[in-house]
Amino acid sequence: MGSVFLPHLNSGWHVDQAILSEDERLVVIRFGRDWDKDCMLMDELLYEITPLVSNFAVVYLCDIDKVPDFNEMYELYDPMTVMFFHKNKHMMCDFGTGDNNKLNFVMTDKQELIDVIETVYRGAVKGKGLVISPVQYTRRS
């Protein structure tokens, strides 16, 4: 149900504008399909935390079938991918999974996701391009 309430980016231009237009806050974009089970679970969690992170992050959704512009560039081959951007810069986070470019597994704990977003934001403000997740996750298949 979270995907109904969160703003959707319906074209490549909208994705670019979301990333470019935010000067202070972290831009969090969930790439995937609204009907996918993993996306639905993550969207619900993102919807629940949005008011809690609104001072330092903004959350968007992007359907990779409707907006395939970034699928190859960002290697969006997983059913659900969350990426972070700050001041038009892609922010990477080491989750201990071997993929620092994106979060490609469903998180279930609200506080854990808030902590990850806050960690990425704090690193971005300090000018870092890569931050270490507050919780290390084992490689998931």
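Among the residues of the stretch 49-56, some residue qualifies, meaning at least one is surrounded by fewer than 18 Cβ atoms within 10 Å (Cβ to Cβ), farther than 22 Å from HIS90 by Cβ and not polar (S, T, N, Q).
Assessment of the stretch 19-41 against the conditions (closer than 24 Å to VAL135 by Cα, surrounded by fewer than 16 Cβ atoms within 10 Å (Cβ to Cβ) and of a type outside the set (A, V, I, L, M)) yields at least one matching residue. Among the residues of the stretch 18-40, at least one is touching a helix residue (DSSP H, G or I) at 6+ places or on another chain (Cβ under 9 Å), within 16 Å of LYS110 (Cα to Cα), in a helix (DSSP H, G or I) and not basic (Lys, Arg). Any residue that is more than 25 Å from ASP23 (Cβ to Cβ), under 15 Å from the mean Cα position of the chain (by Cα) and surrounded by fewer than 17 Cβ atoms within 10 Å (Cβ to Cβ) - is there at least one of those in the stretch 65-73? Checking the stretch 65-73: at least one residue is more than 25 Å from ASP23 (Cβ to Cβ), under 15 Å from the mean Cα position of the chain (by Cα) and surrounded by fewer than 17 Cβ atoms within 10 Å (Cβ to Cβ). In the stretch 1-18, of all residues being hydrophobic (A, V, I, L, M, F, W, C) and over 15 Å from PHE85 (Cβ atoms), the one that is surrounded by the fewest Cβ atoms within 10 Å (Cβ to Cβ) corresponds to MET1. Taking (1) aliphatic (A, V, I, L, M); (2) under 13 Å from VAL27 (Cα atoms); (3) at pLDDT below 90 in turn, MET91 satisfies each apart from (3).
Every residue, every condition in (1) in contact with a Leu (Cβ under 9 Å, 6 or more places away or on another chain); (2) under 23 Å from LEU20 (Cβ atoms); (3) surrounded by 14 or more Cβ atoms within 10 Å (Cβ to Cβ); (4) not charged (D, E, K, R), yes or no:
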site	(1), (2), (3), (4)
PHE85	yes, yes, yes, yes
ASN88	yes, yes, no, yes
MET91	yes, yes, yes, yes
PHE95	yes, no, yes, yes
MET107	yes, no, yes, yes
LEU113	yes, no, yes, yes
GLY123	yes, yes, yes, yes
LYS126	no, yes, no, no
LEU130	no, yes, no, yes
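PHE84 meets all of the listed conditions (1) among the aromatic types (Phe, Trp, Tyr); (2) under 16 Å from TYR121 (Cβ atoms); (3) at pLDDT below 95 but one, namely (3).
The values are calculated or read from the model by the stated rules, or taken from the named source; none is laboratory data. Remember, it's a predicted structure, so these values are computed and weren't measured experimentally. Here the Cβ is made from the backbone with ideal geometry for all residues, glycine too, and neighbour counts use every protein chain on show.
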